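Here is the structure we will look at.
The values are calculated or read from the model by the stated rules, or taken from the named source; none is laboratory data. What you see is a predicted model; the values in this text were computed from it and never measured. FYI the Cβ positions are ideal-geometry reconstructions off the backbone, even for glycines, and counts take in every protein chain you see. The area values use the complete protein model at the heavy-atom level, side chains included, leaving out ligands, DNA and RNA. Shrake-Rupley method; radii C 1.70, N 1.55, O 1.52, S 1.80 Å.
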Amino acid sequence: MEKEDLKLLNKGEEEEMELHGYRLCRWRLALVGFGVLCTGGFLLLLLYWMPEWCVKSTCTRTTARDAEVVLLRSTVRSNIYVRFRLMLCQLFIRYFTFHSTKYYWNHELQNFQVLMKLFFGVNEIAVKVPSVFKLLIKEVLNPFYIFQLFSVILWSADEYYYYAVAIVFMSVVSIATSLYTIKKQYIMLHDMVTAHSIVRVSVCRTNKDIEEILSTDLVPGDVMVIPNNGTIMPCDAVLVSGTCIVNESMLTGESVPVTKTNLPNSVEGEGDDAYNTEEHKRHTLFCGTNVIQTRFYTDELVKAVVVRTGFSTAKGQLVRSILYPKPTDFKLYRDAYLFLLCLVAVAGIGFIYSIVLSIINKVPAKTIIIESLDIITITVPPALPAAMTAGIVYAQRRLKQSGIFCISPQRINICGQINLFCFDKTGTLTEDGLDLWGVQRVENSSFHLSEENAYKENLVKSQFVACMATCHSLTKIEGQLSGDPLDLKMFEATGWILEEATEEETSLHNRIMPTVVRPPKQLLPPEPASSSERDMVHTSAYEIGIVRQFPFSSALQRMSVVARLLGEKRMDAYMKGAPEVVASLCKNETVPQDFAEVLEDYTKQGFRVIALAHRRLESKLSWHKVQNISRDHIETNMEFLGLIIMQNKLKNETPGILQDLHRANIRTVMVTGDNMLTAISVARDCGMIPPDDTVIIADAHPPQYGQPARITWRYADKPINITLEDMCEADEPKSKEQYHFAMNGKSFATILEHFPDMLQKLVLRGTVFARMAPDQKTQLIEALQGVDYYVGMCGDGANDCGALKRAHGGISLSELEASVASPFTSRTPNISCVPNLIREGRAALITSFCVFKFMALYSIIQYISVTLLYSILSNLGDLQFLFIDIAIILIIVFTMSLNPAWKDLVPRRPPSGLISGPLLFSVLTQILICLGFQIITFVWVQKQAWYTVWTPFTDVCNHSSQLNVSELNNTELDEHNIQNFENTSLFYVSSFQYLIVAVVFSKGKPFRQPSYKNWPFVLSTVGLYIFLLFILFHPVESIDETLEIVCVPFEWRVKLFLIILINAAVFISTKKNLEFLSLIIIDG
């Protein structure tokens, strides 16, 4: 039955969930209510922490159709459960809300789904800032704080007021800090989202009236009028008339203005393709983006049809990803919980031991309960979470000082495990801007020699220069040319001037006034002269107007424009794009025969190559026809004009940083949207692919003409196809590092769909992934994580947001708003931030290990002391606990975490988890050493000749007893039996053991700076050593009374000092031997 009722939500998507239906059961509810009363509310807390238990204990299974309660289980992480109560709307349709999305029951599909086409709701991205009370309740109900509350109540019952107050103070500070941080983050996100989110908009109605409404009332299908002076888009809408210039930095990370054109009309006889956001993004105005300018007809407004609202918009999806991030699963945290369970098991043994011992000695029931429960609070240290985060906080502060900002501190530890880093190419490995290296024109189907530039008198009226001057998406904003950097460089190389019509000029005409480009006067001949180009018209005023623009499409890899020379009746079409694509759309006779060889030669040298083409349009094409024509009619039968060669230089830091990463055994991968051969060339230049290594390109072909999908293999440097068997045979006797796979986005998509098993093998050896779309970059990150890599990603923020967010450690080189999706943002615009991040991650990770081991040993040492003292019905005193936990433990923990990261990246990585043989053996060995020396101390003090059961009248130090003082304290001292020789001896030995363990576990090289460079830690440790030695050899009566220490003979103090010295020596020698063994195991 359960298998039949299992439903999948968001199938195949990131938030795929299993849905189980349940119906409330009255008798189970009554039974649970009785259990809550019997346990004093603890059962209610347990069910609050465990949604799966809550549902199964109060409900019975039923079909999803009849469910009153649903239980969702993440298919990504099988242990994550979420419980929801179904609601009923006015139309008697059942729904529930998950991650700000409503899921309605669909009778036809017999499943829950997002039914946006029927129910829209208010168009707003509501980030509700929870009240302080609500946040407080949620924070306080954390299991850790519940355990602390239990500990405080227990200590108060046992009159341990000082320590209870200290823990309450720490907890209050911790809760207050946490609430302040969470509240601040919510307010910042709320302010970012609500800024300009509610505006007044004009909407066209069916009777052509324009009505002004609030943006919150917009629904899909509304026709929105875009104002002349621009606006912040409150929804996702597709342009149906006019043109807009938009700043999309909120979503893409690039502040370069983008031109958005109206959605082309469908042409008769052609398939009417449905609107797709990805395919038609050049016609889509996305929510949160800033419309800077609009261009329009006089008699027709700039209109856009609303397609998505609220959390369904692009901005809404980004906000959802911030509000509900994918949980990070790290072995360290899983192992930490397992280790805590082990400590709880040890505490359970002590719990039973103390009960049995107390019953044998006929201790009162109240004392039995308090002391047996007290041993649990000793074994599981309440300060552990705060101690564990100290290293992360310090690492975050050091990263900030080096210009790296972090919005997800828990990721710092994970960065310490990174063993593969992906890099975007343009703007990350190479310089942002492109420089024009040269041009190579084509005449009579053959290439001319390459020329440095096109700024020449003899070329000013050529179609080649006309294409360079017109085929772009540049615009003027506040008098400055703005647009894509490549377009900008190309246009500047011509030396031409761009002029746009003003709003007043546009309003005088019944159509959009075109953008006009013209050459500078100094390039034009003084009088009309015959031109070598047959089709160019000679006029004294040489100007070209851009009539229609088909924006660049990453899917089509090209852009084109329709332009008209002043005084000419016929129009011209100009196109630029990827050389292979442009050549395929040109007449074969116009493409030089050596086109492939010339192109390959340039791309191998690392140049960015753009091809240009031109076509004279038919005279029957009027202005209005051009505005409605399909780009497929324009981009065909073109004449090949030549190539523009752009140079994208490596950043100075790139080769050195990649070399450092390779030395540290950190694999590097290039993920770019650029040409394959260009990417391979850059990979070789920067050292990502060594000079002697072979690159094999994998070309995957999807199924077509009845043939199944297939993969072909070829060498990047030789036009030779090879088989998989050839590669396997060649690979066997040679090093695996000699081969690198490269593939483009189309091949990646085909392999992902048809050869998923092959993909895992390819990514193990893949180094260059070219022509990758943004979602494919994310899929590559997931594929690499699927073969157990800890993956880092470095990008410039443009189209890398998904990959940056999905990687274990994503670092954006852009400080724009899009970097809010990246865990780390670098102020330094080069990849030098990558080794810094990994080094700090390793230091923070090692710090977490050191602190965890120290805190575990601290709790066990204290557990041993208390267990031994329980055997004589004694315990540590309140102020002894306070001195150990505050003066020693907290000071040591927060100073031992201050070690900075080591200056170099070493080939060895830190361990990823606590549950490993060497580490567990190390901790267990240290526990046994502590246990052994405490037992020796406990037994040996009882064997001393002067030993007797201590009373206030005992004077083994030959001091005169102050009877009146003793009598005043007699009752209190006898009640708890704190003051005795065993207590004093164990207090001294255990206090020194804490310090010895701290020094032993404060690991330095190769991941952190040596501890002697950590001055706060050195001063704290030395200060505590001096203080303890001082009170050991020179008792001060006031200190002894405060700490409830009794006086012991000097010779016993010397013996205690010898025990401490031998203990330290055994600790240090054992540590060195264990480190040597662990290195042998790792190397083996």
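Some observations on this one:
- Only listed residue being in a helix (DSSP H, G or I) and open to solvent by 10 Å² or more (accessible area, probe 1.4 Å), chosen from Tyr988, Tyr994, Tyr1012: Tyr1012
To keep it simple, each residue is scored yes or no on (1) farther than 15 Å from Ala901 by Cβ; (2) in contact (Cβ under 8 Å) with a residue 40 or more places away in the chain; (3) not in a strand (DSSP E or B); (4) not acidic (Asp, Glu).
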position	(1), (2), (3), (4)
Val363	yes, yes, yes, yes
Ile369	yes, no, yes, yes
Ser372	yes, no, yes, yes
Ile375	yes, yes, yes, yes
Ala386	yes, yes, yes, yes
Thr389	yes, no, yes, yes
Arg397	no, no, yes, yes
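- Picking from residues in the range 934-953 that are open to solvent by less than 30 Å² (accessible area, probe 1.4 Å) and among the polar types (S, T, N, Q), the one that is farthest from the chain's Cα centre (by Cα) is Gln944.
- Residue ID - farthest from the chain's Cα centre (by Cα), chosen from residues in the range 551-564 that are crowded, with 21+ Cβ neighbours inside 10 Å and aliphatic (A, V, I, L, M): Ala563
- You will find that of Ile929, Ile935, the residue that is over 18 Å from Ser874 (Cα atoms) and modelled with pLDDT of 90 or more is Ile929 and no other.
- Candidates Lys576, Lys620, Lys569 - the one that is open to solvent by 10 Å² or more (accessible area, probe 1.4 Å), free of Cβ contacts under 8 Å to residues at least 12 places away in the same chain and assigned by the TED database to the domain that holds Val439: Lys620
- Residues of the range 399-443 that turn out to be in a strand (DSSP E or B), under 30 Å from Arg334 (Cα atoms) and not β-branched (Val, Ile, Thr), as a count: 6
- Scanning the range 569-588 for residues that are in contact with a strand residue (DSSP E or B) (Cβ under 9 Å, 6 or more places away or on another chain) and outside any strand (DSSP E or B) gives Arg570, Met571, Ala578, Pro579, Glu580, Val581, Val582, Ala583, Leu585, Lys587.
- Restricting the range 322-361 to residues that are in a loop (DSSP other than H, G, I, E, B) and aromatic (Phe, Trp, Tyr), the residue that is modelled with the highest pLDDT: Tyr324
- Asn958 vs. criteria touching a Pro at 6+ places or on another chain (Cβ under 9 Å), modelled with pLDDT under 90 and surrounded by 13 or more Cβ atoms within 10 Å (Cβ to Cβ): no
- Filter pass, Ser1020 being closer than 17 Å to Val851 by Cα, at pLDDT 90 or above, within 42 Å of the chain's Cα centre (by Cα) and not in a strand (DSSP E or B): yes
- Criterion: surrounded by fewer than 21 Cβ atoms within 10 Å (Cβ to Cβ), of a type outside the set (Val, Ile, Thr), without any contact (Cβ under 8 Å) to a residue 40 or more places away in the chain and in a helix (DSSP H, G or I) - qualifying residue of Leu920, Leu879: Leu920
- Count - residues of the range 763-788 that are open to solvent by 10 Å² or more (accessible area, probe 1.4 Å) and either farther than 27 Å from Arg320 by Cβ or in a strand (DSSP E or B) (or both): 5
- Within the range 1028-1047, residues that are over 16 Å from Val989 (Cα atoms) sit with their Cβ atoms under 7 Å from residues that are of a type in the set (A, V, I, L, M), at 6+ positions apart or across chains, in these pairs: Ile1039/Ile1031; Thr1042/Leu879.
- Long-range neighbours under 7 Å by Cβ, at least six apart or interchain, first residue under 15 Å from Ser630 (Cα atoms) within the range 269-284, second modelled with pLDDT under 65 and of a type in the set (Phe, Trp, Tyr): none
- Of all residues in the range 208-221, none satisfies the criterion of being crowded, with 21+ Cβ neighbours inside 10 Å and either closer than 15 Å to Tyr275 by Cβ or free of Cβ contacts under 8 Å to residues at least 12 places away in the same chain (or both).
- Residues in the range 167-178 that are over 28 Å from the mean Cα position of the chain (by Cα), open to solvent by 20 Å² or more (accessible area, probe 1.4 Å) and aliphatic (A, V, I, L, M): Val168, Met170, Val172, Val173.
- Any hit, the range 893-904, residues being open to solvent by 10 Å² or more (accessible area, probe 1.4 Å) and either among the polar types (S, T, N, Q) or assigned to a helix (DSSP H, G or I) (or both): yes
- Residue in the range 587-597 that is modelled with pLDDT of 80 or more, assigned by the TED database to the domain that holds His633, of a type outside the set (D, E, K, R) and buried (at least 23 other Cβ atoms within 10 Å of the Cβ) present: no
- Of all the criteria given as (1) open to solvent by 50 Å² or more (accessible area, probe 1.4 Å); (2) in contact with a helix residue (DSSP H, G or I) (Cβ under 7 Å, 6 or more places away or on another chain), the one not satisfied by Ser584 is (2).
- Residue check for Val1018: out of contact with any Leu (no Cβ under 9 Å at 6 or more places or on another chain), open to solvent by less than 70 Å² (accessible area, probe 1.4 Å) and in contact (Cβ under 8 Å) with a residue 12 or more places away in the chain: no
- Residue in the range 848-857 that is free of Cβ contacts under 8 Å to residues at least 60 places away in the same chain, of a type in the set (Gly, Ala, Ser) and either more than 28 Å from Phe1067 (Cα to Cα) or part of a helix (DSSP H, G or I) (or both) present: no
Here is a yes/no grid of residues against (1) in the same structural domain as Ile378 (by the TED database); (2) at pLDDT below 90:
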{"residue": "Glu817", "(1), (2)": "no, yes"}
{"residue": "Val820", "(1), (2)": "no, yes"}
{"residue": "Pro823", "(1), (2)": "no, yes"}
{"residue": "Val834", "(1), (2)": "no, no"}
{"residue": "Leu837", "(1), (2)": "no, no"}
{"residue": "Cys850", "(1), (2)": "yes, yes"}
{"residue": "Met855", "(1), (2)": "yes, yes"}
{"residue": "Ile861", "(1), (2)": "yes, no"}
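- Counting only strands (runs of 3 or more DSSP E) wholly contained in the range 642-719, the ones carrying 3 or more residues that are modelled with pLDDT under 90 and exposed (fewer than 15 other Cβ atoms within 10 Å of the Cβ) occupy 710-715.
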